[in-house]
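Written below as structure tokens is the structure these notes are about.
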Amino acid sequence: MCGIVGYYGNKDAVPILINGLKRLEYRGYDSAGIAVLGEDLNVLKRAGKVSVLENLIDDHVLSGTVGIAHTRWATHGEPNDTNAHPHLDHTGNIALVHNGIIENYQSIKKVLEKDGIQFQSETDSEVLVQLISKIYYQDGLAFHDAVQAALQDVVGTFGIVVICKDEPDVMVAARLGSPLVLGIGDGEYFIASDSSPIVEHTRSVVYLDESEMVVLTNDGYTISKIHDQQIVNKKITTIEHDLEAIEKGNFPHFMLKEIYEQKNTITDTMRGRLQVADGTAFLGGLSDYMPRIEKANRLYITACGTSWHAGLIGKYLIEEYADIPVHVEYASEFRYRHTIIDNETVVIAISQSGETADTLAAIKKAKENGALTVGICNVVGSSIARNTDCGVYTHAGPEIGVASTKAFTAQVTVLSMLALLLGRKKGLNKLQGIKLAKALNDMGQNVEVILNNTGMIEKIASQFSDVDNFLYLGRGLNFPVALEGALKLKEISYIHAEGYPAAEMKHGPIALIDDNMPVVIIAPHDQTYEKVLSNIQEVHARNGRIIIVTDKKSKDLTRLSDHIIEIPQCHPRVFPILASIPLQLLAYHLAVIRGCDVDMPRNLAKSVTVE
Ligand code: AGP
């Protein structure tokens with residue numbers, strides 16, 4: 001949600017910043033801007049994607065070795081040129097990029113307006129740069145002290161980078177609620193919302209923690225606490241992934257690349273963790289906490305969007321294998337409602353980015369109420385990973401496409417291993433454990449079979465590209481798969497889609513079914529098969545256009561459906577992971593045929609760091 005990048009060094013800052021913005025564009029793409037300090041402080045910003053800004057740069061003189069840049073996901077103020085970042089103070093000497101929300105901006109703005117300051121934009125961010133300016137020029141503080149003082153007055157969240165023409169060898173960055181990473185190169189520094197703009201320049205990074213600020217000068221960098229300026233000594237971490245992992249390679253879209261990566265990522269998630277011969281799993285990040293998790297009176301799983309769908313599958317698995325009650329809550333609900341949490345409760349937060357604001361707030365609440373908090377995150381070093389008591393990384397590698405795919409299957413894989421581990425500790429017999437462990441172990445090759453047989457999915461996409469609605473139905477473990485299939489379709493193709501438990505259809509959605517309504521039905525040959533078959537009959541009787549995802553074509557399914565997507569036969573508890581892949585591909589191909597921007601769907605951002 002907004003991407004910010006800063007460069008401080010001795011090279012031309014412009015190409016480094018523009019390239020950095022392209023890497024961060026998945027975080028927001030309403031407008032983009034850049035400010036560079038050379039002889040002067042020059043700013044260029046425009047509504048639209050980074051490419052719009054990039055095309056303009058050729059016609060403008062921007063040069064310097066210190067600069068900041070921003071790609072925006074609009075919160076306050078429409079996405080136009082004026083509201084784009086960087087924002088300048090009224091003197092034109094100070095430039096700021098901001099990710100987050102300044103909640104008390106109205107009251108600060110009133111005070112500043114009384115002092116005669118005229119605002120250019122409708123944004124909350126401009127208030128902060130004007131406040132820094134007021135303190136800097138009135139109080140005669142050093143620039144970094146002025147920034148620090150201004151941040152004391154701010155309520156809300158921020159990741160900021162600020163530069164000042166009057167102190168051209170200083171760059172200040174600070175975070176509270178919005179992530180920031182410092183990259184340490186050879187005589188040069190990078191600041192960014194995540195490591196993607198940094199990895200091609202240096203692998204040495206420092207992840208800033210909450211309420212920390214970094215001051216860059218010719219002498220190097222200093223990290224301190226915003227509130228008391230106490231110096232903090234931080235560990236330098238090495239970025240693990242390669243540049244390749246954040247590039248599209250030969251794929252037309254990141255989403256397609258990430259769908260195809262699942263033949264490896266699911267296996268990567270289990271590497272060193274799954275113990276097939278013993279029918280169990282080892283999750284190193286949880287091992288010290290297992291006694292407490294096993295004894296939990298209840299588990300909460302909290303997450304948003306796709307991660308919430310993964311959590312629902314986790315609930316089915318953990319309740320079945322480990323007999324512990326599991327409640328799955330949207331983090332945005334959990335954080336505000338009265339939840340029954342005590343020190344025997346375990347709260348599991350699932351997040352690809354590890355930065356989702358609502359999920360972070362849910363963790364904070366869980367901790368305040370004495371619960372043990374567990375993070376299941378993809379991004380290493382992310383806020384959720386660092387703010388939970390313990391956790392498991394999904395190891396799916398960087399996910400750039402806004403529509404989550406490989407992170408989802410990795411999350412469900414982690415939850416499957418957790419169910420297996422907890423189950424074995426709580427009495428699940430070894431034979432059953434081995435069966436599930438084997439099925440998990442075989443997933444990589446089954447994914448490959450699915451990805452090598454996409455003809456039917458493409459054919460279906462070509463036949464349904466002009467419809468306005470889709471219904472997705474599934475039962476049990478596959479109800480969340482229906483929800484996830486519908487979400488994928490909505491997000492990237494803008495076709496309205498709903499996921500329902502198959503048997504619930506007759507309590508309302510059945511009214512929607514006519515000969516124009518495609519209904520995707522997930523129908524594995526498990527204990528739900530006969531029941532799902534009845535639901536299929538009900539759709540068939542109303543002339544719905546039926547698309548089945550199953551592990552075995554049967555006469556009945558062939559007779560009742562228009563299309564069948566067949567996936568390899570597998571253990572029913574791993575079927576949801578495999579079944580979600582054709583649904584990702586269906587959404588992808590429909591979106592491509594409809595001419596949608598698959599990797600940057602309208603109005604969305606990959607990482608939702610505001611409430
Ligand atoms: C997934 O396709 C979505 N873009 C979205 O629902 C996402 O899963 C949600 O915002 C949660 O993000 P997180 O996993 O990074 O916390």
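Structure data summary
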{"quantity": "Any hit, segment 583-594, residues being of a type in the set (Lys, Arg) and within 22 Å of residue 483 (Cβ to Cβ)", "calculated": "yes"}
{"quantity": "Top-ranked residue in segment 361-383 [being within 11 Å of the ligand (Cβ to nearest atom) and under 22 Å from residue 25 (Cα atoms); ranked as most open to solvent (accessible area, probe 1.4 Å)]", "calculated": "379"}
{"quantity": "Tally of residues being in contact with a Leu (Cβ under 7 Å, 6 or more places away or on another chain) and either part of a strand (DSSP E or B) or under 21 Å from residue 40 (Cα atoms) (or both) across segment 133-160", "calculated": "4"}
{"quantity": "Residue 258 within 16 Å of the ligand (Cβ to nearest atom) and among the charged types (D, E, K, R)", "calculated": "yes"}
{"quantity": "Hits in segment 572-611 - residues which are of a type in the set (Gly, Ala, Ser) and within 16 Å of the ligand (Cβ to nearest atom)", "calculated": "580, 587, 591, 605, 607"}
{"quantity": "Segment 94-116, residues that are part of a strand (DSSP E or B) and at pLDDT 95 or above", "calculated": "94, 95, 96, 97, 98"}
{"quantity": "Residue match in segment 351-370 (condition: in contact with a Leu (Cβ under 7 Å, 6 or more places away or on another chain) and either among the aromatic types (Phe, Trp, Tyr) or at pLDDT 95 or above (or both))", "calculated": "no"}
{"quantity": "Selection from segment 511-521 of residues that are free of Cβ contacts under 8 Å to residues at least 60 places away in the same chain and buried (at least 19 other Cβ atoms within 10 Å of the Cβ)", "calculated": "513, 517, 518, 519, 521"}
{"quantity": "Residue ID - nearest to the ligand (Cβ to nearest atom), chosen from residues in segment 348-358 that are over 13 Å from residue 328 (Cβ atoms) and outside any loop (DSSP other than H, G, I, E, B)", "calculated": "351"}
{"quantity": "Residues of segment 238-273 classified as among the acidic types (Asp, Glu), under 24 Å from residue 415 (Cα atoms) and part of a helix (DSSP H, G or I), total", "calculated": "2"}
{"quantity": "Residue satisfying condition, being under 15 Å from residue 70 (Cβ atoms), touching a Pro at 6+ places or on another chain (Cβ under 9 Å) and open to solvent by less than 10 Å² (accessible area, probe 1.4 Å), within set 178, 193", "calculated": "193"}
{"quantity": "Segment 600-611 residues that are more than 14 Å from residue 30 (Cα to Cα), paired with ones that are open to solvent by 30 Å² or more (accessible area, probe 1.4 Å) and assigned to a loop (DSSP other than H, G, I, E, B) (beta carbon under 8 Å, 6 or more apart)", "calculated": "608/304; 609/157; 610/75; 610/101; 610/157; 611/101"}
{"quantity": "Wholly within segment 274-347, helices (runs of 4 or more DSSP H) carrying at least 1 residues that are more than 26 Å from the chain's Cα centre (by Cα) and touching a residue at least 12 places away in the same chain (Cβ under 8 Å)", "calculated": "290-294, 305-322"}
{"quantity": "Meets criteria (within 16 Å of the ligand (Cβ to nearest atom), among the acidic types (Asp, Glu) and open to solvent by 30 Å² or more (accessible area, probe 1.4 Å)) for residue 333", "calculated": "yes"}
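The values are calculated or read from the model by the stated rules, or taken from the named source; none is laboratory data. Source: prediction; values computed, not measured. Neighbour counts are summed over all protein chains in view; Cβ atoms, including those assigned to glycine, are modelled from backbone coordinates with ideal geometry. For accessibility, only protein heavy atoms count, side chains too; no ligands or nucleic acids. Shrake-Rupley method; radii C 1.70, N 1.55, O 1.52, S 1.80 Å.
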